[in-house]
Amino acid sequence: MQNSLALLDTEIILKYLGVESNYFSLNIFDSIESTNTFLIDFFKSNKVSNKSSLIHVAVAEVQTKGRGRNGRSWVSGFGESLTFSINWHFKEQPSFQLSSLSLVVGIALIRVFKSFSIEHIYLKWPNDVLFNHHKLAGVLIELRSGMEKRCNAVIGIGINFNLSNTTRTNIVTETTDLFQITGKLFDRNLVLSVLLIELRKVISDFEKFGFCFFKSEWLSYHAYEGKRVCLKTPKNQIMGIVNGVDDDGALFLLTDSGREIFNVGDVSLREEN
Ligand code: BTN
């Protein structure tokens with residue numbers, strides 16, 4: 001725990017990572033457009049061999065063009081959040097849906113929050129992290145299939161630590177942060193290290209076993225299970241009651257037409273049941 005803001009620091013993160021540091025290559029930026037964009041461009045420019053097994057990490061004190069899901073922006077001020085991206089090379093195109101990777105990343109986030117005794121955090125399908133219906137963190141995954149059967153995923157994560165009033169007024173969604181939830185200032189270097197270790201573990205398991213390995217754990221964190229919601233898809237809006245997810249992480253809704261399954265969309269709560 002801290003009394004004031006500690007800046008992101010490579011040496012400290014490597015120390016916290018311990019032997020796990022061998023798996024990661026860290027890039028810390030004071031300011032950058034977007035850590036996701038940085039990693040995507042990095043791999044496009046072939047600066048790194050596709051065969052490299054290192055996990056590249058880009059982390060920034062502030063992003064000037066942070067991106068969210070569905071073309072939205074991700075807003076945060078200097079040092080107020082943990083904003084970072086990692087890449088993952090899937091050795092071959094898995095037989096299961098890579099879209100469920102985002103649900104698995106949500107599990108890593110919840111496990112790490114719990115390890116810091118931050119409780120009552122839930123996941124809104126597919127991967128928003130909520131406390132009391134307010135957004136604490138978000139995940140943006142961008143996939144790039146290359147030659148052969150390999151696929152490179154850039155996994156971007158934003159966690160609100162201590163947002164200023166100015167930042168809050170620039171965010172349209174109902175938002176919260178770790179300071180508001182706990183009254184504590186968490187060390188971003190430590191949280192990042194613990195999260196990198198957990199992400200490496202869960203994504204390795206995901207690569208071997210697929211989403212079904214995590215399904216029951218994911219459902220235990222599912223914010224709107226059994227609730228009446230509206231799902232906005234690129235084509236229309238569907239009302240229904242949330243009724244679990246399938247083995248590929250797609251969402252089931254009980255609608256007027258029966259039990260329907262959806263791969264994309266934004267869920268919002270309609271009313272209390
Ligand atoms: C969302 O909830 O809409 C996803 C938000 C993802 C934000 C993170 S912050 C680090 C990484 N870089 C970006 O530009 N976006 C992701």
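The values are calculated or read from the model by the stated rules, or taken from the named source; none is laboratory data. Only a predicted model underlies this, so the values are computations on that prediction, with no experimental measurement involved. Every residue, glycine among them, receives a Cβ derived from its backbone with ideal geometry; neighbour counts consider all protein chains shown. Each accessible area value is taken on the protein alone, full model and side chains, heavy atoms only, with ligands, DNA and RNA left out. Shrake-Rupley method; radii C 1.70, N 1.55, O 1.52, S 1.80 Å.
When a 1.4 Å probe is rolled over the protein heavy atoms, the share of accessible surface on the range 224-273 that falls to carbon and sulfur comes to 44 percent. When the GluC sites (Glu not before Pro) in the range 108-148 are filtered for DSSP coil states and for at most 10 other beta-carbon atoms within 10 Å of their beta-carbon, the remaining sites are 148.
Accessible area per residue for the chain, computed on protein heavy atoms with a 1.4 Å probe, is 49 Å².
Remark on the chain: Rg and Dmax equal 18.3, 56 Å (Cα only). Taking a Cβ cut-off of under 15 Å around residue 169, the surrounding Lys, Arg, Asp and Glu residues balance to a net charge of -2, with basic ones at +1 and acidic ones at -1.
Sequence-ordered 3J(HN,Hα) estimates for the range 244-251 from the Karplus curve with 6.51, -1.76 and 1.60 and θ = phi - 60° stand at x, 10, 8, 5, 9, x, 6, 8 Hz, glycine and proline given as x. Of all DSSP beta bridges confined to the chain, the antiparallel ones make up roughly 85%. The gain in end-to-end length when the residue 164 to residue 65 segment is fully stretched comes to 33.9 nm, 0.36 nm per residue minus the alpha carbon separation. Report, in listed order, any pair from 65/208; 114/201; 91/215 with a Cα-Cα distance greater than 25 Å. As for pairs spanning more than 25 Å Cα to Cα, those are 65/208.
Charge tally around residue 22: other residues with Cβ under 14 Å, Lys/Arg +1 each, Asp/Glu -1 each, net +1. Averaging the Cα positions of each part gives two centres, and for the range 1-41 and the range 80-131 these lie 18 Å apart.
Under DSSP H, which helices of the chain have Cα atoms covering 24 Å or more of the helix axis and a Kyte-Doolittle average no less than 0.0? Correct list, ordered by number: 188-209.
Sorted from longest to shortest, the spans of the Cα atoms of the range 52-92 along the three principal axes equal 36, 24, 12 Å.
Counting charges near residue 197 (Lys, Arg +1; Asp, Glu -1) among other residues having Cβ under 14 Å from its Cβ returns a value of +1.
Accessible surface of residue 69, taken over heavy atoms with a 1.4 Å probe and every protein chain present, rounds to 50 Å².
Ratio to report: Rg/Rh of the range 180-273, with Cα atoms as the point set and Rh obtained by the Kirkwood method; give two decimals.
Answer for the range 180-273: 1.08.
Under 5 Å between amide hydrogens, built in the peptide plane, is the criterion, and for residue 56 it picks out 25, 87 among residues at least 5 positions away or on other chains. Measuring r between the beta carbons of residue 230 and residue 171 and using R0 = 25 Å, the FRET efficiency lands at 0.75.
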